[in-house]
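Participant: Mind looking over this structure? Questions follow.
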Amino acid sequence: MSKSRAADALALASIVFLVFAVYGDALHYTFMFDDAIDLPRASGRSLLSIFTSAGESGYYRPLPLLVWNLMYRVLGYHSPFWLHLLSLLLHAANGELVYLLARKWLSRGAAAAGAALFVIYPFSYQAVPNVNALFHLTVTLFLLTAVFLNLEASQRHSRTLFLASLSAAALALLSHENGVVAMPLILTMEAYLFLSQGRRPTLYPLAYLGLAAAFGGLWQVVPKWPTGGMADLASLKLNGLFFLQGLVYPWGRLMGWAASYPRLSPELTVALATFVTLPFLTFIIWKGKKATGFWIGIVWFVAGVLPAGVNLPFSYVIDGPRLLYLASVGAALAWAAFVDIWLSRKTTPWGYLLPLAILAFIAATSLNFIEQRKGMYSYASQLLRQGVAETRAPQDQGLLYLNFPSWLAPREDEYPFVHTGVLLAPVYLSLERALYINGAATGAAVESLSYAAIAMPWQYNYGFYGRPVEVEELNEKLRQGATVLVTDFLPQGLSLRPVGYFGPPSDSSTSYVAQFGDSLRLEKAEIRDEGEALLLTLRWSATRPVKSDYTVFAHLYDDQGRLVAQRDGYPMGGISPPRLWRPEEVITEFRPILPPPSEGRYTVKVGIYSGETGQRMTAVDEAGQRYADDAVFLGQITIGARPPLGRSRDMPPT
């Protein structure tokens, strides 16, 4: 093997390694986003119907549906591992094609840099780890293949390669309607051959035009759901700003900071970033006489965003970073052309510092961007798995998921005109379907509601899934026997926790731990160390109607008597205020406390205080003896050392 081929082989292998190094965690992710819609839409149909109807969709994209259908037939179920692996392999294949295509006009080092920039393009975080984004990965694969084979066919005068290129273009159209951009991309390659090699243009591009026209006719006759029309003028403007961010993305953090400055609107920020960056790159590349690759990248980028930019409303586009996946090829090629200027010059080692510094900056910001979203994907998968596991446990009256997050997002947006969070389950999809596609038990009665009053600040922003309710409705659900699971937003991740249950009245002779005033009683208390938290199981009852607003506190003290952790709030995770309890009704609640990381022996006390005045209710034992400070001693527990979790959400700032 020659040194040149060995270098190319090393570059291609490195691209695969980079993909799995960056996105390998996706192999452990669950299904999210529209997976619960798209996968059943593929597996529940015959092979013929996939090509003759769009089914329950407004888009005719049969090829990805065919792939999902065949994998379902082979495996017998929808496998998150194999479907995510498929996405990673396609992303790697696209990265290698970017490298091979860029080698036509860029140096090996610049082509490798372009492929790396494509692999770690920040907005692809929504395309690569999401199974339902297969449409974008496949159309990009076949368009890259079509363009590369067309170049090879022109240079080798091979009709066989031309037919292979035309076939790849056809497959692109069957993957996603963005395949129509094959024609302008092929014309761009024809212009490149004419300008660089003096090769006269041919009529071959007309074949791609005919292919697009034939697909347009097919699109019109295939049954499908209606879709919206063209984007209005307001959307066209905002869509343009959205996509411009994808071209000048290396300055994303700077754009985010600038957009927060009162005198700079988000529109002006993106416009300034664009009109400073593009002329600068154009001048540098023109001076270096390396403009071909740059303009090919710009044309590819524009072609990649144009269909979505003119057809989709901005309300849809702003939630779709994946829409930039095809265009990211152009962005990577344009920035790689800039790198090629320095790599092709005869200069001292110091002369390479600028391109290397720019590459390092782009790589660092892109990888940091992706890494943060990977954390969101991991938390989301963790929670979805817990939700699935709960459906497999015996239930009498069904499951009620409270404050289950629909999406997670960073606390601060790096870019002004795009939402860059992670969608667990869209609001137009029932949570039951989102859990079922991940393996939930069939027939499980699932309901999802939200109660904003118990929401807490967390490391990410989040939005709840389900209809908002008040505590009165939640308590009726509990009385009817529903198992209520509330989402805990903890420093170490997301967790589903049962809040407790309503039980039958206790016998009047039942012993108790403490009597609070003349209306509330703590009948029983247990403490259990569950590793991440101490779990208090508290059984309450009301001896008479509770007329005032009372709150329960649970305190943890160290051996020096210092308060080190607490969990204050209404029982049952904050959803069952005592004023709603009925006399003789027994309420069993599960109350977790996040302990400090240091080991030691700790004392647990509970009590009740007025939510209006803060005054504690009088607490006495069965013998009538009053507890010190009206705080009921529940016991002591020895806790081993555990990793620090940051400030507990239960501890107020001091």
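The values are calculated or read from the model by the stated rules, or taken from the named source; none is laboratory data. Predicted, not measured: the structure shown is a model, and the values here were computed from it. Here Cβ is always computed from backbone atoms with ideal geometry, including for glycine, and neighbour counts include all displayed protein chains. Just the protein is used for accessible areas: all its heavy atoms, side chains included, with ligands, DNA and RNA removed. Shrake-Rupley method; radii C 1.70, N 1.55, O 1.52, S 1.80 Å.
Participant: Among Ala133, Ala112, Ala146, which is the only one that is assigned to a helix (DSSP H, G or I) and open to solvent by 30 Å² or more (accessible area, probe 1.4 Å)?
Facilitator: Sole residue among the options that is assigned to a helix (DSSP H, G or I) and open to solvent by 30 Å² or more (accessible area, probe 1.4 Å): Ala112.
Participant: Could you please let me know if Leu402 is under 13 Å from the mean Cα position of the chain (by Cα), surrounded by 15 or more Cβ atoms within 10 Å (Cβ to Cβ) and on the phi < 0 side of the Ramachandran plot?
Facilitator: In short, no.
Participant: Within region 297-320, can you find the residues that are in contact with a Gly (Cβ under 9 Å, 6 or more places away or on another chain) and open to solvent by 20 Å² or more (accessible area, probe 1.4 Å)?
Facilitator: Listed by number, the residues that qualify are Ile298, Val299, Val302, Asn311, Leu312, Pro313, Tyr316, Asp319.
For (1) among the β-branched types (Val, Ile, Thr); (2) within 35 Å of the chain's Cα centre (by Cα); (3) crowded, with 19+ Cβ neighbours inside 10 Å, each residue gets a yes or a no:
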{"position": "Asn150", "(1), (2), (3)": "no, no, yes"}
{"position": "Ala164", "(1), (2), (3)": "no, no, no"}
{"position": "Ala168", "(1), (2), (3)": "no, yes, yes"}
{"position": "Val181", "(1), (2), (3)": "yes, yes, yes"}
{"position": "Leu185", "(1), (2), (3)": "no, yes, yes"}
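Participant: Among the residues of region 468-501 satisfying the criterion of being more than 19 Å from the chain's Cα centre (by Cα) and of a type in the set (S, T, N, Q), which is least open to solvent (accessible area, probe 1.4 Å)?
Facilitator: If we take residues in region 468-501 being more than 19 Å from the chain's Cα centre (by Cα) and of a type in the set (S, T, N, Q), then Asn475 is least open to solvent (accessible area, probe 1.4 Å).
Participant: Can you name every residue in region 541-573 that is under 38 Å from the mean Cα position of the chain (by Cα) and under 14 Å from Gly614 (Cα atoms)?
Facilitator: Thr551, Val552, Phe553, Asp568, Gly569, Tyr570
Participant: Only one residue in Leu209, Leu203, Leu233 is among the hydrophobic types (A, V, I, L, M, F, W, C), at pLDDT below 85 and open to solvent by 80 Å² or more (accessible area, probe 1.4 Å), so which one is that?
Facilitator: Checking each option against the conditions leaves just Leu203.
Participant: What's the number of the condition Ala327 fails, among (1) small (Gly, Ala, Ser); (2) open to solvent by 20 Å² or more (accessible area, probe 1.4 Å); (3) at pLDDT 95 or above?
Facilitator: Only one criterion in (1) small (Gly, Ala, Ser); (2) open to solvent by 20 Å² or more (accessible area, probe 1.4 Å); (3) at pLDDT 95 or above is unmet by Ala327, namely (2).
Participant: Phe294: crowded, with 23+ Cβ neighbours inside 10 Å and over 25 Å from Pro266 (Cα atoms), yes or no?
Facilitator: It is true that Phe294 is crowded, with 23+ Cβ neighbours inside 10 Å and over 25 Å from Pro266 (Cα atoms).
Participant: If you don't mind, there's one more thing I want to ask. Inside region 96-109, can you point out the residues that are in a helix (DSSP H, G or I) and either free of Cβ contacts under 8 Å to residues at least 40 places away in the same chain or under 22 Å from Phe194 (Cβ atoms) (or both)?
Facilitator: Leu100, Leu101, Ala102
Participant: Out of everything in region 589-623 that is in contact with a Gly (Cβ under 7 Å, 6 or more places away or on another chain) and open to solvent by 10 Å² or more (accessible area, probe 1.4 Å), what residue ends up being nearest to Val484 (Cα to Cα)?
Facilitator: Restricting to residues being in contact with a Gly (Cβ under 7 Å, 6 or more places away or on another chain) and open to solvent by 10 Å² or more (accessible area, probe 1.4 Å), the top hit is Phe590.
Participant: Would a scan of region 435-444 turn up a residue that is on the phi < 0 side of the Ramachandran plot, touching a strand residue (DSSP E or B) at 6+ places or on another chain (Cβ under 9 Å) and without any contact (Cβ under 8 Å) to a residue 24 or more places away in the chain?
Facilitator: No, region 435-444 has no match at all.
Participant: Taking Tyr415 as the residue in question, decide whether it is of a type outside the set (S, T, N, Q), in a loop (DSSP other than H, G, I, E, B) and buried (at least 20 other Cβ atoms within 10 Å of the Cβ).
Facilitator: Yes: the conditions hold for Tyr415.
Participant: Just checking, how many residues over region 579-595 are part of a loop (DSSP other than H, G, I, E, B) and over 12 Å from Leu520 (Cα atoms)?
Facilitator: Count: 2.
Participant: For His91, all conditions in the list (1) surrounded by 15 or more Cβ atoms within 10 Å (Cβ to Cβ); (2) more than 23 Å from the chain's Cα centre (by Cα) hold save one; what is the number of the exception?
Facilitator: Against the list (1) surrounded by 15 or more Cβ atoms within 10 Å (Cβ to Cβ); (2) more than 23 Å from the chain's Cα centre (by Cα), His91 comes up short only on (2).
Participant: Here are Gln382, Gln397, Gln386: which of them is in contact (Cβ under 8 Å) with a residue 60 or more places away in the chain, surrounded by fewer than 15 Cβ atoms within 10 Å (Cβ to Cβ) and either over 30 Å from Phe338 (Cβ atoms) or under 16 Å from the mean Cα position of the chain (by Cα) (or both)?
Facilitator: Gln397
Participant: Would you confirm whether any residue within region 454-467 is part of a helix (DSSP H, G or I) and either at negative phi or under 19 Å from the mean Cα position of the chain (by Cα) (or both)?
Facilitator: yes
Participant: Does region 562-585 contain any residue that is in contact with a strand residue (DSSP E or B) (Cβ under 6 Å, 6 or more places away or on another chain), surrounded by fewer than 20 Cβ atoms within 10 Å (Cβ to Cβ), of a type in the set (Lys, Arg) and farther than 21 Å from Gly503 by Cα?
Facilitator: Taking every residue of region 562-585 in turn, none turns out to be in contact with a strand residue (DSSP E or B) (Cβ under 6 Å, 6 or more places away or on another chain), surrounded by fewer than 20 Cβ atoms within 10 Å (Cβ to Cβ), of a type in the set (Lys, Arg) and farther than 21 Å from Gly503 by Cα.
Participant: Here's a follow-up. Hey, does region 375-392 have a residue that's assigned to a loop (DSSP other than H, G, I, E, B), in contact with a strand residue (DSSP E or B) (Cβ under 7 Å, 6 or more places away or on another chain) and farther than 21 Å from Tyr77 by Cβ?
Facilitator: no
Participant: Looking for something open to solvent by less than 20 Å² (accessible area, probe 1.4 Å), touching a Pro at 6+ places or on another chain (Cβ under 9 Å), touching a residue at least 24 places away in the same chain (Cβ under 8 Å) and under 29 Å from Glu584 (Cα atoms) - is there at least one such residue anywhere in region 502-513?
Facilitator: No.
Participant: Given (1) at pLDDT 90 or above; (2) part of a loop (DSSP other than H, G, I, E, B); (3) closer than 30 Å to Tyr72 by Cα, identify the lone condition not met by Ser448.
Facilitator: Going through (1) at pLDDT 90 or above; (2) part of a loop (DSSP other than H, G, I, E, B); (3) closer than 30 Å to Tyr72 by Cα one by one, Ser448 breaks only (2).
Participant: Inspect region 18-35 for any residue being surrounded by fewer than 18 Cβ atoms within 10 Å (Cβ to Cβ), among the β-branched types (Val, Ile, Thr) and within 23 Å of the chain's Cα centre (by Cα) and give the result as yes or no.
Facilitator: No: zero hits.
Participant: Follow-up. Identify the residue in region 46-69 that is of a type in the set (Phe, Trp, Tyr) and assigned to a helix (DSSP H, G or I) and, among all such residues, is surrounded by the fewest Cβ atoms within 10 Å (Cβ to Cβ).
Facilitator: Out of the qualifying residues, it is Phe51.
Participant: Tell me yes or no: at least one residue of region 284-297 is among the β-branched types (Val, Ile, Thr) and modelled with pLDDT of 75 or more.
Facilitator: The answer is yes; a qualifying residue exists.
Participant: Next question, about the same structure. Answer yes or no as to whether Leu106 is of a type in the set (A, V, I, L, M, F, W, C) and closer than 30 Å to Val388 by Cβ.
Facilitator: Here the answer is no, as Leu106 does not meet what is asked.
Participant: Here's a check for you: in region 1-32, which residue that is assigned to a loop (DSSP other than H, G, I, E, B) and modelled with pLDDT of 95 or more is nearest to Leu431 (Cα to Cα)?
Facilitator: The extreme case among them is Met32.
Participant: A further question follows. Among (1) of a type in the set (A, V, I, L, M); (2) at pLDDT 85 or above; (3) over 29 Å from Trp458 (Cα atoms), where does Ala363 come up short?
Facilitator: Looking at each condition in turn, Ala363 falls short on (3).
Participant: So, one more: What is the number of the single condition among (1) aliphatic (A, V, I, L, M); (2) closer than 20 Å to Ala308 by Cβ; (3) open to solvent by less than 60 Å² (accessible area, probe 1.4 Å); (4) at pLDDT below 95 that Val222 does not meet?
Facilitator: (2)
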